[in-house]
Amino acid sequence: MTGRAIVTGGARGLGRGIAARLVREGWNVALVDIAAGVEATASELAATRPGAVVTGLIADVSDGSACDRAVSEAVGALGGLDGLVNDAGIGGPTTEVVDTDPAEFRRVLEVNLVGTFLMSRAAARVMVAAGTGGAIVNLGSMFGQVGGAGGAAYCASKGGVALLTHSLALELAPHAIRVNTIAPGNMATDMHFDDVRATAAARGTTFDEELERVRETVPLGRHGTPEDIAGAVAWLLSDGAAYVTGQTIGVNGGVVLT
Ligand SMILES: NC(=O)c1ccc[n+]([C@@H]2O[C@H](COP(=O)([O-])OP(=O)(O)OC[C@H]3O[C@@H](n4cnc5c(N)ncnc54)[C@H](O)[C@@H]3O)[C@@H](O)[C@H]2O)c1
(Lines give C-alpha, C1' and ligand atoms only; values in the text may rest on other atoms or scores of the structure.)
Protein backbone atom coordinates (compact mmCIF):
# COMPACT_ATOMS: atom_id res chain seq x y z
CA MET A 1 0.00 0.00 0.00
CA THR A 2 1.13 3.51 -0.67
CA GLY A 3 -1.07 6.45 0.02
CA ARG A 4 -1.21 9.50 2.23
CA ALA A 5 0.70 9.74 5.50
CA ILE A 6 1.51 12.17 8.29
CA VAL A 7 4.97 11.97 9.87
CA THR A 8 5.42 13.95 13.08
CA GLY A 9 8.94 15.03 14.00
CA GLY A 10 9.66 15.01 10.28
CA ALA A 11 11.92 18.08 10.18
CA ARG A 12 15.09 16.13 10.97
CA GLY A 13 16.56 12.89 12.30
CA LEU A 14 14.60 9.64 12.12
CA GLY A 15 11.37 11.42 11.13
CA ARG A 16 13.02 13.02 8.13
CA GLY A 17 14.52 9.66 7.12
CA ILE A 18 11.12 7.97 7.43
CA ALA A 19 9.42 10.67 5.36
CA ALA A 20 12.15 10.53 2.71
CA ARG A 21 11.66 6.76 2.36
CA LEU A 22 7.88 7.06 2.13
CA VAL A 23 8.11 9.77 -0.54
CA ARG A 24 10.54 7.58 -2.49
CA GLU A 25 8.09 4.66 -2.27
CA GLY A 26 5.26 6.76 -3.71
CA TRP A 27 3.51 8.14 -0.63
CA ASN A 28 2.35 11.73 -0.36
CA VAL A 29 3.36 13.04 3.04
CA ALA A 30 2.59 15.82 5.53
CA LEU A 31 5.41 16.56 7.96
CA VAL A 32 4.29 17.93 11.33
CA ASP A 33 6.97 19.43 13.56
CA ILE A 34 7.43 22.15 16.17
CA ALA A 35 10.55 23.34 14.30
CA ALA A 36 10.18 26.00 11.62
CA GLY A 37 12.67 24.04 9.47
CA VAL A 38 9.89 21.56 8.68
CA GLU A 39 8.82 23.64 5.69
CA ALA A 40 12.31 23.56 4.15
CA THR A 41 12.52 19.79 4.76
CA ALA A 42 9.16 19.34 3.00
CA SER A 43 10.39 21.29 -0.05
CA GLU A 44 13.59 19.23 -0.20
CA LEU A 45 11.69 15.94 -0.03
CA ALA A 46 9.12 17.11 -2.59
CA ALA A 47 11.98 17.61 -5.05
CA THR A 48 13.01 13.95 -4.77
CA ARG A 49 10.03 12.55 -6.70
CA PRO A 50 8.24 14.18 -9.63
CA GLY A 51 4.59 14.80 -8.72
CA ALA A 52 5.09 14.15 -4.99
CA VAL A 53 2.90 16.14 -2.60
CA VAL A 54 4.92 16.90 0.53
CA THR A 55 3.74 19.57 2.90
CA GLY A 56 5.30 20.94 6.10
CA LEU A 57 3.08 21.97 9.02
CA ILE A 58 4.24 23.60 12.24
CA ALA A 59 2.55 22.21 15.37
CA ASP A 60 3.39 21.16 18.92
CA VAL A 61 2.11 17.59 19.32
CA SER A 62 1.50 18.14 23.03
CA ASP A 63 -1.22 20.68 22.15
CA GLY A 64 -4.56 18.98 21.36
CA SER A 65 -6.04 21.75 19.24
CA ALA A 66 -2.79 22.12 17.31
CA CYS A 67 -2.90 18.37 16.55
CA ASP A 68 -6.53 18.53 15.39
CA ARG A 69 -5.69 21.50 13.17
CA ALA A 70 -2.57 19.85 11.73
CA VAL A 71 -4.42 16.63 10.90
CA SER A 72 -7.23 18.55 9.27
CA GLU A 73 -4.77 20.64 7.19
CA ALA A 74 -2.83 17.50 6.25
CA VAL A 75 -5.99 15.72 5.12
CA GLY A 76 -6.89 18.79 3.05
CA ALA A 77 -3.48 18.88 1.39
CA LEU A 78 -3.19 15.12 0.81
CA GLY A 79 -6.83 14.35 0.00
CA GLY A 80 -7.21 11.75 2.76
CA LEU A 81 -5.18 9.79 5.27
CA ASP A 82 -3.90 6.19 5.24
CA GLY A 83 -0.94 6.34 7.60
CA LEU A 84 0.35 8.16 10.68
CA VAL A 85 3.88 7.95 12.04
CA ASN A 86 4.26 9.38 15.55
CA ASP A 87 7.97 10.16 15.59
CA ALA A 88 8.10 13.56 17.38
CA GLY A 89 9.86 13.15 20.69
CA ILE A 90 12.31 14.64 23.14
CA GLY A 91 14.98 13.16 25.38
CA GLY A 92 14.43 13.45 29.10
CA PRO A 93 16.27 14.90 32.04
CA THR A 94 19.33 12.76 32.84
CA THR A 95 18.84 13.16 36.58
CA GLU A 96 17.96 10.44 39.05
CA VAL A 97 14.32 10.41 40.18
CA VAL A 98 15.12 11.94 43.60
CA ASP A 99 16.65 14.97 41.86
CA THR A 100 14.19 15.33 38.97
CA ASP A 101 12.10 18.47 38.52
CA PRO A 102 8.43 17.45 38.13
CA ALA A 103 7.97 20.03 35.35
CA GLU A 104 10.73 18.37 33.30
CA PHE A 105 9.23 14.92 33.96
CA ARG A 106 5.78 16.13 32.87
CA ARG A 107 7.09 17.78 29.68
CA VAL A 108 8.61 14.50 28.50
CA LEU A 109 5.32 12.67 29.06
CA GLU A 110 3.38 15.52 27.40
CA VAL A 111 5.41 15.36 24.19
CA ASN A 112 6.28 11.66 23.89
CA LEU A 113 3.17 10.00 25.30
CA VAL A 114 0.32 12.54 25.29
CA GLY A 115 1.48 13.83 21.88
CA THR A 116 1.25 10.30 20.48
CA PHE A 117 -2.24 9.96 21.97
CA LEU A 118 -3.43 13.33 20.62
CA MET A 119 -2.15 12.75 17.08
CA SER A 120 -3.44 9.17 17.02
CA ARG A 121 -6.85 10.32 18.23
CA ALA A 122 -7.14 12.99 15.55
CA ALA A 123 -5.88 10.69 12.77
CA ALA A 124 -7.97 7.68 13.86
CA ARG A 125 -11.14 9.80 13.77
CA VAL A 126 -10.41 10.63 10.12
CA MET A 127 -9.53 7.03 9.21
CA VAL A 128 -12.57 5.55 10.97
CA ALA A 129 -14.88 8.07 9.27
CA ALA A 130 -13.38 7.26 5.85
CA GLY A 131 -13.88 3.54 6.49
CA THR A 132 -10.92 2.50 4.35
CA GLY A 133 -8.58 1.26 7.11
CA GLY A 134 -5.07 2.49 7.72
CA ALA A 135 -1.95 2.08 9.82
CA ILE A 136 -0.31 3.94 12.69
CA VAL A 137 3.34 3.48 13.65
CA ASN A 138 4.59 4.88 16.95
CA LEU A 139 8.22 5.50 17.82
CA GLY A 140 8.97 3.93 21.16
CA SER A 141 12.47 3.06 22.30
CA MET A 142 14.56 0.25 23.71
CA PHE A 143 14.20 2.44 26.82
CA GLY A 144 10.48 1.72 26.70
CA GLN A 145 11.33 -2.00 26.96
CA VAL A 146 13.81 -1.77 29.83
CA GLY A 147 14.27 0.95 32.43
CA GLY A 148 17.45 2.96 32.68
CA ALA A 149 18.94 4.68 35.73
CA GLY A 150 18.89 8.44 35.21
CA GLY A 151 16.23 8.26 32.50
CA ALA A 152 12.94 7.59 34.27
CA ALA A 153 10.84 10.19 32.45
CA TYR A 154 11.94 9.05 29.01
CA CYS A 155 11.58 5.34 29.86
CA ALA A 156 8.12 5.89 31.36
CA SER A 157 7.01 7.88 28.32
CA LYS A 158 8.19 5.23 25.85
CA GLY A 159 6.86 2.32 27.93
CA GLY A 160 3.56 4.20 27.87
CA VAL A 161 3.72 4.50 24.09
CA ALA A 162 4.08 0.71 23.79
CA LEU A 163 0.96 0.06 25.88
CA LEU A 164 -0.99 2.89 24.25
CA THR A 165 -0.19 1.04 21.02
CA HIS A 166 -1.67 -2.19 22.37
CA SER A 167 -4.92 -0.49 23.46
CA LEU A 168 -5.25 1.43 20.20
CA ALA A 169 -4.61 -1.74 18.18
CA LEU A 170 -7.49 -3.50 19.94
CA GLU A 171 -9.87 -0.55 19.59
CA LEU A 172 -9.06 0.11 15.93
CA ALA A 173 -8.79 -3.47 14.65
CA PRO A 174 -12.53 -3.60 13.81
CA HIS A 175 -11.88 -0.62 11.51
CA ALA A 176 -8.94 -2.38 9.78
CA ILE A 177 -6.53 0.14 11.27
CA ARG A 178 -3.29 -1.47 12.48
CA VAL A 179 -1.15 0.11 15.21
CA ASN A 180 2.43 -0.87 16.01
CA THR A 181 5.49 0.48 17.81
CA ILE A 182 9.05 0.55 16.52
CA ALA A 183 11.56 0.58 19.37
CA PRO A 184 14.87 1.97 18.06
CA GLY A 185 18.20 1.34 19.77
CA ASN A 186 21.17 3.71 19.51
CA MET A 187 20.58 5.78 16.40
CA ALA A 188 23.02 8.22 14.79
CA THR A 189 20.91 11.38 15.22
CA ASP A 190 21.26 14.68 17.07
CA MET A 191 19.12 13.37 19.94
CA HIS A 192 21.55 10.51 20.60
CA PHE A 193 24.63 12.67 20.00
CA ASP A 194 23.35 15.22 22.59
CA ASP A 195 23.02 12.39 25.08
CA VAL A 196 26.53 11.10 24.30
CA ARG A 197 27.92 14.65 24.66
CA ALA A 198 26.25 15.00 28.09
CA THR A 199 27.68 11.64 29.22
CA ALA A 200 31.17 12.66 28.06
CA ALA A 201 30.91 15.95 29.95
CA ALA A 202 29.74 14.18 33.12
CA ARG A 203 32.53 11.57 32.95
CA GLY A 204 35.32 13.87 31.77
CA THR A 205 35.80 11.74 28.64
CA THR A 206 35.57 12.72 24.97
CA PHE A 207 32.56 12.49 22.65
CA ASP A 208 34.39 9.97 20.45
CA GLU A 209 35.28 7.76 23.43
CA GLU A 210 31.66 7.67 24.58
CA LEU A 211 30.37 7.05 21.05
CA GLU A 212 32.75 4.10 20.74
CA ARG A 213 31.65 2.79 24.15
CA VAL A 214 28.04 2.74 22.91
CA ARG A 215 29.04 1.13 19.62
CA GLU A 216 30.78 -1.71 21.46
CA THR A 217 27.49 -2.63 23.18
CA VAL A 218 25.73 -3.23 19.85
CA PRO A 219 25.94 -6.85 18.61
CA LEU A 220 25.75 -5.68 14.97
CA GLY A 221 28.69 -3.37 15.73
CA ARG A 222 27.33 0.00 14.59
CA HIS A 223 24.87 2.75 15.35
CA GLY A 224 21.53 2.60 13.54
CA THR A 225 20.65 5.04 10.76
CA PRO A 226 17.40 6.82 9.89
CA GLU A 227 17.18 4.46 6.90
CA ASP A 228 17.27 1.43 9.23
CA ILE A 229 14.17 2.76 11.00
CA ALA A 230 12.54 3.93 7.78
CA GLY A 231 12.69 0.42 6.31
CA ALA A 232 10.83 -1.04 9.28
CA VAL A 233 8.26 1.78 9.34
CA ALA A 234 7.60 1.53 5.58
CA TRP A 235 7.03 -2.20 5.99
CA LEU A 236 4.61 -1.71 8.91
CA LEU A 237 2.65 0.80 6.82
CA SER A 238 2.56 -1.57 3.86
CA ASP A 239 0.26 -4.47 2.99
CA GLY A 240 3.23 -6.74 3.68
CA ALA A 241 2.42 -6.20 7.36
CA ALA A 242 -1.34 -6.66 6.88
CA TYR A 243 -1.57 -9.20 9.75
CA VAL A 244 0.72 -7.34 12.18
CA THR A 245 -0.88 -5.19 14.86
CA GLY A 246 -0.30 -4.31 18.51
CA GLN A 247 3.40 -5.21 18.33
CA THR A 248 6.53 -3.52 19.61
CA ILE A 249 9.36 -4.33 17.21
CA GLY A 250 12.94 -3.59 18.21
CA VAL A 251 15.19 -2.10 15.53
CA ASN A 252 18.34 -1.97 17.60
CA GLY A 253 21.19 -4.04 16.17
CA GLY A 254 20.48 -6.75 18.75
CA VAL A 255 21.24 -4.55 21.72
CA VAL A 256 18.42 -5.62 24.04
CA LEU A 257 19.46 -9.26 23.58
CA THR A 258 22.72 -8.78 25.50
N1 LIG B 1 18.07 8.71 18.35
C2 LIG B 1 17.90 7.61 19.08
O3 LIG B 1 18.88 6.95 19.46
C4 LIG B 1 16.51 7.13 19.44
C5 LIG B 1 16.41 5.92 20.12
C6 LIG B 1 15.14 5.45 20.47
C7 LIG B 1 14.02 6.19 20.14
N8 LIG B 1 14.14 7.36 19.50
C9 LIG B 1 12.89 8.09 19.22
O10 LIG B 1 12.78 8.34 17.83
C11 LIG B 1 12.11 9.58 17.62
C12 LIG B 1 12.96 10.49 16.73
O13 LIG B 1 14.21 10.67 17.38
P14 LIG B 1 15.42 11.46 16.67
O15 LIG B 1 16.66 10.82 17.16
O16 LIG B 1 15.18 11.61 15.22
O17 LIG B 1 15.28 12.88 17.42
P18 LIG B 1 15.57 14.36 16.88
O19 LIG B 1 15.71 15.20 18.10
O20 LIG B 1 16.70 14.35 15.89
O21 LIG B 1 14.22 14.72 16.10
C22 LIG B 1 13.00 14.86 16.79
C23 LIG B 1 12.07 15.75 16.00
O24 LIG B 1 10.86 15.91 16.77
C25 LIG B 1 10.52 17.28 16.78
N26 LIG B 1 9.75 17.61 17.99
C27 LIG B 1 10.22 17.66 19.26
N28 LIG B 1 9.24 18.05 20.10
C29 LIG B 1 8.12 18.25 19.33
C30 LIG B 1 6.81 18.66 19.62
N31 LIG B 1 6.42 18.97 20.87
N32 LIG B 1 5.93 18.76 18.61
C33 LIG B 1 6.30 18.47 17.32
N34 LIG B 1 7.55 18.08 17.01
C35 LIG B 1 8.46 17.97 17.99
C36 LIG B 1 11.84 18.02 16.74
O37 LIG B 1 11.71 19.37 16.33
C38 LIG B 1 12.65 17.15 15.78
O39 LIG B 1 12.45 17.55 14.44
C40 LIG B 1 11.82 10.17 19.00
O41 LIG B 1 10.51 9.84 19.39
C42 LIG B 1 12.85 9.46 19.87
O43 LIG B 1 12.44 9.41 21.23
C44 LIG B 1 15.35 7.85 19.13
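The values are calculated or read from the model by the stated rules, or taken from the named source; none is laboratory data. Quick caveat: nothing in here was measured; it's all calculated off a predicted structure. Glycine gets a Cβ as well: all are built from the backbone with ideal geometry, and neighbour counts include every protein chain shown.
Observations, loosely collected:
- Residue ID - nearest to Gly91 (Cα to Cα), chosen from residues in region 124-175 that are hydroxyl-bearing (Ser, Thr, Tyr) and within 16 Å of the ligand (Cβ to nearest atom): Tyr154
- Checked against the criterion of being at pLDDT 95 or above and on the phi > 0 side of the Ramachandran plot, the candidates Gly134, Gly160 yield just one match: Gly134.
- Scope region 1-19; condition among the aliphatic types (A, V, I, L, M) and either out of contact with any Ser or Thr (no Cβ under 7 Å at 6 or more places or on another chain) or at pLDDT below 95 (or both); matching residues: Met1, Ala5, Ile6, Val7, Ile18, Ala19
- Pairs, first modelled with pLDDT of 95 or more in region 90-106, second assigned to a loop (DSSP other than H, G, I, E, B), C-beta under 6 Å, six or more apart: Glu96/Gly150; Thr100/Pro93; Glu104/Pro93
- Pairs with Cβ under 6 Å, 6+ apart, first in region 51-67 and polar (S, T, N, Q), second away from the ligand (no atom under 11 Å from the Cβ): Thr55/Ala30; Thr55/Ala42; Thr55/Ala77
- Matching residues in region 186-231 - criterion: being near the ligand (Cβ under 10 Å from one of its atoms), part of a helix (DSSP H, G or I), within 21 Å of the chain's Cα centre (by Cα) and of a type in the set (A, V, I, L, M): Met191, Val196, Ile229
- When Arg49, Arg69, Arg21 are screened for being in a loop (DSSP other than H, G, I, E, B), more than 9 Å from the ligand (Cβ to nearest atom) and among the basic types (Lys, Arg), only Arg49 passes.
- Among the residues of region 41-48, at least one is touching a Gly at 6+ places or on another chain (Cβ under 7 Å) and buried (at least 17 other Cβ atoms within 10 Å of the Cβ).
- Some residue of region 109-123 being farther than 29 Å from Gly240 by Cα, more than 11 Å from the ligand (Cβ to nearest atom) and touching a residue at least 12 places away in the same chain (Cβ under 8 Å): yes
- As a summary of the residue check, Asp33 satisfies the conditions (1) more than 13 Å from the ligand (Cβ to nearest atom); (2) over 22 Å from Ser167 (Cβ atoms) except for the one numbered (1).
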